[in-house]
Amino acid sequence: MKKIIILFCFPAILFSQSKITKSYSYSVNIGPIWMCPYLIPKMTKIFEEMGATNINADSTEVFSFRLDTIYHQDKIKNIFIKDGGFPDWSIKDIKIINEEK
């Protein structure tokens with residue numbers, strides 16, 4: 001009976017110690033439209049509802065955040081355009097960086 005318990009517990013112990021959590025850091029260059037007092041708070045709320053952390057909209061025209069889920073650049077762009085109300089021309093660049101912990 002002890003051998004059966006060891007056979008079932010041993011793989012669980014190995015996999016629990018080697019768990020790697022992935023996080024994706026997104027950086028969206030939104031151009032000079034970042035100064036709009038309406039759009040940035042709206043985008044912050046949208047991404048908070050998606051589970052984003054470390055949301056930052058600074059004066060360098062970059063909106064950045066971190067998610068545990070990977071999204072394609074087109075999906076992020078559509079969120080900014082359709083949900084956020086940003087004009088298409090304002091989104092200059094989207095960078096996604098994979099960060100393993």
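The values are calculated or read from the model by the stated rules, or taken from the named source; none is laboratory data. In this text, all values refer to a predicted model and were calculated from it rather than measured experimentally. Cβ atoms come from the backbone with ideal geometry, glycine included; neighbour counts cover every protein chain shown. Surface areas here come from the heavy atoms of the whole protein model, side chains and all, with no ligands, DNA or RNA. Shrake-Rupley method; radii C 1.70, N 1.55, O 1.52, S 1.80 Å.
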Task: ASP83 versus CYS36: modelled label distance in nm, points set 7 Å from Cα along the beta carbon direction - done: 1.6
Open item on the list: For the full complex of protein chains and a 1.4 angstrom probe, list MET35, MET50, MET43 by accessible area with the highest value first.
Closed with: MET35, MET50, MET43
TODO: Provide the gained length on full extension for the span LYS95 to THR60, in nm with one decimal, where the gain is 0.36 nm per separating residue minus the Cα-Cα distance.
DONE: 11.1 nm
Open item on the list: List the residues, sorted by chain then number, that are 5 or more residues from ILE91 or on another chain and whose placed amide H is less than 5 Å from its amide H.
Closed with: none
Task: Heavy-atom accessible surface of the stretch 40-101: percent carbon and sulfur, 1.4 Å - done: 47
Task: Exposure ranking of TYR71, TYR38 by accessible area [1.4 Å probe, largest first] - done: TYR38, TYR71
Task: Paramagnetic reach from LYS75 (point 7 Å along Cα→Cβ, amide N under 19 Å) across the stretch 42-58 - done: 43-55
